[in-house]
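S.K.: Mind looking over this structure? Questions follow.
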């Protein structure tokens, strides 16, 4: 068999077929399934949420005093931003935010014009005179804003913080809840 004119994988396959060996049974080859990447289902408001976050970051950038230099300017793109998930059930939304190592006193939550904003500051731990050899944990201020897809009842919003996870429960406003209409 001339393997120079045939690609190597075809030559091996023809060789194995001529010897009547099944490469899978003999353990010579492993099958690898390639699965096309599927982006997660994004809610229709996710694009608006990204614009809202960019707007908030740009606003905070321009709110800095002019004489402060660019020490904080790098934070516009390198500052930390905690992970946030928004889940919807029949009558409420739940925002889940990862905030490990923070105290609940250092977290601020606000709701204004259908936008939930969670902000706070993670403070650097005192080093007791020790010199850090490596630091990877984010410190400083953060601010996350997410546009809610429907109106919520601001008077019934509640939040819990346990084991580094903040959960904000946002009940939908009565006019936003689905209603069943009887046909007469």
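S.K.: Say we look at the range 86-125 and pick out the residues that are without any contact (Cβ under 8 Å) to a residue 24 or more places away in the chain and out of contact with any strand residue (DSSP E or B) (no Cβ under 6 Å at 6 or more places or on another chain); which of these is farthest from residue 148 (Cα to Cα)?
M.R.: 125
S.K.: Kindly evaluate residue 105 against the criterion of being at pLDDT 80 or above and either within 21 Å of residue 137 (Cβ to Cβ) or part of a helix (DSSP H, G or I) (or both).
M.R.: The answer is yes for residue 105.
The values are calculated or read from the model by the stated rules, or taken from the named source; none is laboratory data. Only a predicted model underlies this, so the values are computations on that prediction, with no experimental measurement involved. Backbone-built Cβ (ideal geometry, glycine too); neighbour counts: all protein chains shown.
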